[in-house]
1. Filter segment 286-298 down to residues that are out of contact with any Lys or Arg (no Cβ under 7 Å at 6 or more places or on another chain), modelled with pLDDT of 95 or more and within 14 Å of ligand 2 (Cβ to nearest atom), then give me how many there are.
2. Output the number of the condition that TYR311 fails; it satisfies all remaining conditions of (1) more than 10 Å from ligand 2 (Cβ to nearest atom); (2) part of a loop (DSSP other than H, G, I, E, B).
3. Give the residue that is farthest from the chain's Cα centre (by Cα), with candidates limited to residues of segment 320-354 that are surrounded by fewer than 17 Cβ atoms within 10 Å (Cβ to Cβ) and outside any helix (DSSP H, G or I).
4. Does segment 281-299 contain at least one residue that is of a type in the set (Asp, Glu) and either buried (at least 17 other Cβ atoms within 10 Å of the Cβ) or touching a helix residue (DSSP H, G or I) at 6+ places or on another chain (Cβ under 7 Å) (or both)?
5. Applying the selection to segment 53-67, what residues are farther than 30 Å from CYS295 by Cα and in contact (Cβ under 8 Å) with a residue 24 or more places away in the chain?
6. Of the residues in segment 355-367, how many are of a type outside the set (Lys, Arg) and not in a strand (DSSP E or B)?
7. Take the residues in segment 326-360 that are charged (D, E, K, R) and touching a Lys or Arg at 6+ places or on another chain (Cβ under 7 Å); name whichever of them is farthest from GLU458 (Cα to Cα).
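The values are calculated or read from the model by the stated rules, or taken from the named source; none is laboratory data. This one's a predicted model, so the numbers in the text were calculated from it and none came from an experiment. Cβ coordinates were reconstructed from backbone atoms using ideal geometry, including for glycine residues, and neighbour counts include every protein chain displayed.
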Amino acid sequence: MGDKENFRDSIGTISEEGKRQWIFPKKPAGKFYKYRKYVSYFLLVALFSAPFIKVNGNQFLLFNVLERKFNIFGFPFWPQDFYLFVISMIIGIVFVALFTVAFGRIFCGWICPQTIFMEMVFRRIEYAIEGDRGKQIRLDKMSWNAEKIRKRALKWVIFFIISFLIANVFLAYLIGSDRLILYVTEGPQNHVSTFIGLLIFTGVFYFVFAWFREQVCIIACPYGRLQGVLLDTKSIVVAYDHKRGEAEQGRKKFRKNEDRKTLGFGDCIDCMQCVHVCPTGIDIRNGTQLECVNCTACIDACDDIMESVNYPKGLIRYASEENIEKKKQFEFTARMKGYAAVLVILTGVLIGMLFLRSDVEAVVLRLPGQLYEMKDDNMISNVYTYKLINKTTKEYHNIELKLLNHNGNINFVTHVEVVVPAQGLSEGTLFIELHQATLKGHKTKVEIGVYSNGELIESTTTNFLGPRSFR
Ligand code: SF4
Ligand code: SF4
């Protein structure tokens, strides 16, 4: 590794003494920043509203890990549906991998909640209170006078309030928005443990956005760490066109009426705007780096400079290494085709399983340790436990269980009406009685239909035990 690669030995946010170097990025402006703002408005509205939207009475998105209840796009998933959840997660991972192989860390710059909150919410508040890069640096160097105390206190209070709001929304995803609203109306004194949890979440969000910031993307995020294995020379990333920027003689400050081309200098006028605007404190001209979150701020900054000196835009742009080196256009590589094929297959499997998934799930199991009981008239009885799981928001009444492929009886132990509550379960004990002549051996498979108000809502199978030799 030559001297040119020295920058990879350290990260821009840590000084040589190992201390944190605070980044004061210049406020971005330009075409990409404008579009990113639009995307972020949409995503912020979606993120804040998703737990409060209901589909058929189900919260649109719910991740209640404690009670193991999950709703995705209004579909409730129970622990019994865990396989669907796993497939969805695998699809998500393959999708992200495919996307990363093709378009690098585009997700980080445009969609990741960390970047959206950091760059589009907290950073903009900071610009509004403390001003742009130069003013922020001056304020930081200032002693603690009235101005600094006022600005910093205002910023930190607003950051805390927003962190508290985010923590509430986060809680709505975890425990459900209805319960959150109930807790809020009943007051924290009645739900002390949840309130303490809420304050811990608030503290974590505050720490991340007020202090830890870009370190999340550089140090903590596992997705960022994966870039090294997912990216190749064909991946499109935010890249500096070093061929054009450096030419034969390298970069040079701009001088009016100088014929840079003849002198052999590149189009980079070494204005450092791309560096000053970078929220992770790197110099993209050094090449693709682990720290780059593809936020496009340097594209906008450089385009603006290029325009001002009358050079073509795009010195920093979305491009692959091959595009810059060999002027090759984007191609759908074999690796991308492989990932795409896996993605299509998995998505097909998931859709099929979603259609096959029933609203009510029945499980009827023989009571462990119990054999069979001979009754009068050659009737044989087995005892079972049953569990009926209702994944919908409607209640099922007058539940009856009937044998579908045998003549015989099913009797609940209880004599009260069996009801399966909405998004709940009903469980108990029952007996199945079959005539000895209908048995097909020691173990007979019986099919059971679950009826509500006379309508078949689910079917299941179980084993029925009889004597070993019975004829
Ligand atoms: S190098 Fe450019 S795209 Fe990458 S993080 Fe910095 S400003 Fe954003
Ligand atoms: S903004 Fe463009 S011209 Fe200025 S230093 Fe960066 S790459 Fe060079």
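1. 2
2. Going through the list (1) more than 10 Å from ligand 2 (Cβ to nearest atom); (2) part of a loop (DSSP other than H, G, I, E, B), TYR311 breaks only (1).
3. It comes out as LYS327.
4. Of segment 281-299, the ones of a type in the set (Asp, Glu) are 283, 291.
Among the residues that remain, those that are also either buried (at least 17 other Cβ atoms within 10 Å of the Cβ) or touching a helix residue (DSSP H, G or I) at 6+ places or on another chain (Cβ under 7 Å) (or both) are: 283, 291.
There is at least one residue in segment 281-299 that is of a type in the set (Asp, Glu) and either buried (at least 17 other Cβ atoms within 10 Å of the Cβ) or touching a helix residue (DSSP H, G or I) at 6+ places or on another chain (Cβ under 7 Å) (or both).
5. ASN56, GLY57, ASN58, GLN59, ASN64, VAL65, LEU66, listed by residue number.
6. In the first step, residues of segment 355-367 are kept if they are of a type outside the set (Lys, Arg); the result is 355-356, 358-365, 367.
Among the residues that remain, those that are also not in a strand (DSSP E or B) are: 355-356, 358-359, 367.
Total satisfying the criteria: 5.
7. The initial filter retains those residues of segment 326-360 that are charged (D, E, K, R), namely 326-328, 331, 335, 337, 357, 359.
Keeping just the survivors that are touching a Lys or Arg at 6+ places or on another chain (Cβ under 7 Å) gives 331, 359.
Numbers: GLU331: 49, ASP359: 8 Å.
Out of the qualifying residues, it is GLU331.
One line per residue, one yes/no per condition, for (1) among the aliphatic types (A, V, I, L, M); (2) in contact (Cβ under 8 Å) with a residue 24 or more places away in the chain:
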{"site": "LYS69", "(1), (2)": "no, yes"}
{"site": "PHE75", "(1), (2)": "no, yes"}
{"site": "PRO79", "(1), (2)": "no, no"}
{"site": "MET89", "(1), (2)": "yes, no"}
{"site": "VAL96", "(1), (2)": "yes, yes"}
